[in-house]
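Asker: Please read through the structure below; I'll follow up with questions.
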Amino acid sequence: MWLIFLMIFILLAVIGNILLPPSLGKVKPFLNEKGEFLEGSISEKTFIKINGTNQGMFIKGKDETKPVLLFVHGGPGMSDYFLAEQYAADLEDEFVVCYWEQRGTGLSYNPDIPLDTMNTEQFVSDVIEVTNYLRDRFRQDKIYLMGHSWGTYLGIKAAAQAPELYNAYIAMSQIVNQSESEKIAYTYMLEQYEKSGNTDKINQLLKYPIQASDESLEAYLNSSVRDNAMHELGIGTMHNMDTVIMGIFLPSLRCIEYTQLERINIWRGKAFSSQTDLRKEMYGFSAVEEIPELKTPVYFLAGKYDYTCCYSLQKEYFNTLKSPIKGFYTFEESAHSPLFEEPCKAKRILCKDVLNGIVTMADE
């Protein structure tokens, strides 16, 4: 009997190590051709006090004199760093990239953070505070600001509030009117399942008549139906990502640049953020009404198959948005994460157009 228990224990230990590999959470350095530390490079995980709260970030670049890019992740409460590592766009070749983890998220998770500080105004203030930290540290008057999904909701507000801090604002899957986006996506998914005759999925969606009330929309967003359907139809996080479990959950647990506890905190932070009004505030946002103009150059990276933040709404808003320089870039093989789905194209756009303040690669 003891042998059976021992075998079960060993099996569970092996599975545990596969799902959550042990790690000290050390960040990999950049190496030269000889396998030695690359002089002038930076690769670190650091924690600083931002508006009274300890917050963590990864800062990486092969040359720390390069322009700084602040990446504002999606969510709320969901870090993108492990995806950036898995689907490398190699932005560190041309930028010093700061993957900041927002208050209450991942490296910055702390259950003692007052819930009344988990609001849009505070988060935008945090974006600007992190920006100033990076400007001071790397001695640059302006930096580049990139947002992804929820990060575009914060990013565009920061760019509008303090345009003098940014060389350009780069939006990956810009949030425009998320309530309307959800309704467009819902209608599209019903149509697709009707075409394929999938009555089971149709019935699951029809349990949530989101067009009828805000309560139905809230229940729908809190269910698994939305995410499962979006990923099954290729309109979720990535066009070729079938499930959240295989595409997001397991990769987040395997990123060894986090400690085991930090990886668990990614999901504790996600749950913590769900207790706040952050998502409700985001769903009340209308980019067209609130931010008709930006004084910085603007670059929109949009996936053709994106219904998480509806592609058509991004395009419509871009066409009305006033800016000194603006470019819209359609990613033909992407859904919600063009930088991770078509990294080579994204890197070319950032290096050729964004860094030079031009739009030669933009859609006609």
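Asker: Kindly indicate whether any position in the stretch 292-312 is within 21 Å of the chain's Cα centre (by Cα), farther than 22 Å from Ala229 by Cα and surrounded by fewer than 21 Cβ atoms within 10 Å (Cβ to Cβ).
Answerer: No - not one qualifying residue is present in the stretch 292-312.
Asker: Another question about this same structure. I want to confirm something. Restricting to the stretch 226-244 and keeping residues that are under 16 Å from the mean Cα position of the chain (by Cα) and part of a loop (DSSP other than H, G, I, E, B), which single residue is surrounded by the most Cβ atoms within 10 Å (Cβ to Cβ)?
Answerer: Gly236
Asker: In the stretch 145-177, what residues are open to solvent by 10 Å² or more (accessible area, probe 1.4 Å) and among the polar types (S, T, N, Q)?
Answerer: Matches in the stretch 145-177: Ser149, Gln161, Asn167, Asn177.
Asker: Only residues that are open to solvent by 30 Å² or more (accessible area, probe 1.4 Å), in a loop (DSSP other than H, G, I, E, B) and not charged (D, E, K, R): list them for the stretch 331-356, please.
Answerer: Leu355, Asn356
Asker: Being out of contact with any Cys (no Cβ under 8 Å at 6 or more places or on another chain), assigned to a helix (DSSP H, G or I) and not β-branched (Val, Ile, Thr) is the requirement here; does Tyr144 meet it?
Answerer: For Tyr144, the condition - out of contact with any Cys (no Cβ under 8 Å at 6 or more places or on another chain), assigned to a helix (DSSP H, G or I) and not β-branched (Val, Ile, Thr) - is not met.
Asker: Here are Gln174, Gln192: which of them is outside any helix (DSSP H, G or I), within 25 Å of His231 (Cα to Cα), at pLDDT 95 or above and among the polar types (S, T, N, Q)?
Answerer: Criteria check complete, one pass: Gln174.
Asker: May I pose another question? Taking Ile248, is it modelled with pLDDT under 95, crowded, with 18+ Cβ neighbours inside 10 Å, assigned to a helix (DSSP H, G or I) and of a type outside the set (S, T, N, Q)?
Answerer: yes
Asker: Right, next: Among the candidates Glu364, Glu257, which residue alone is out of contact with any strand residue (DSSP E or B) (no Cβ under 6 Å at 6 or more places or on another chain), open to solvent by less than 10 Å² (accessible area, probe 1.4 Å), modelled with pLDDT under 95 and more than 18 Å from Ser149 (Cβ to Cβ)?
Answerer: Glu257
Listed here are the residues, each with its yes/no results for (1) under 28 Å from Gln122 (Cβ atoms); (2) of a type in the set (Ser, Thr, Tyr).
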residue: Tyr283; (1), (2): yes, yes
residue: Pro297; (1), (2): yes, no
residue: Leu301; (1), (2): yes, no
residue: Phe328; (1), (2): no, no
residue: Ser334; (1), (2): no, yes
residue: Pro338; (1), (2): no, no
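Asker: On the basis of being open to solvent by 20 Å² or more (accessible area, probe 1.4 Å), at pLDDT 95 or above and either farther than 29 Å from Arg139 by Cβ or out of contact with any Phe, Trp or Tyr (no Cβ under 8 Å at 6 or more places or on another chain) (or both), does Glu129 make the cut?
Answerer: So Glu129 fits the description; yes.
Asker: Kindly list, by first and then second residue, each pair from a residue in the stretch 278-292 that is of a type in the set (Gly, Ala, Ser) to a residue that is open to solvent by 70 Å² or more (accessible area, probe 1.4 Å) and at pLDDT 95 or above, limited to pairs with Cβ atoms under 9 Å and residues at least 6 apart or on different chains.
Answerer: As it stands, the answer is Ser286/Glu180, since those pairs meet every condition given.
Asker: Answer with yes or no whether Asp136 is on the phi < 0 side of the Ramachandran plot, part of a helix (DSSP H, G or I) and surrounded by fewer than 24 Cβ atoms within 10 Å (Cβ to Cβ).
Answerer: yes
The values are calculated or read from the model by the stated rules, or taken from the named source; none is laboratory data. The shown structure was predicted, so the numbers you read here are calculated from the model rather than taken from an experiment. All Cβ positions, even for glycine, are placed from backbone atoms using ideal geometry, and neighbour counts span all protein chains on display. The area values use the complete protein model at the heavy-atom level, side chains included, leaving out ligands, DNA and RNA. Shrake-Rupley method; radii C 1.70, N 1.55, O 1.52, S 1.80 Å.
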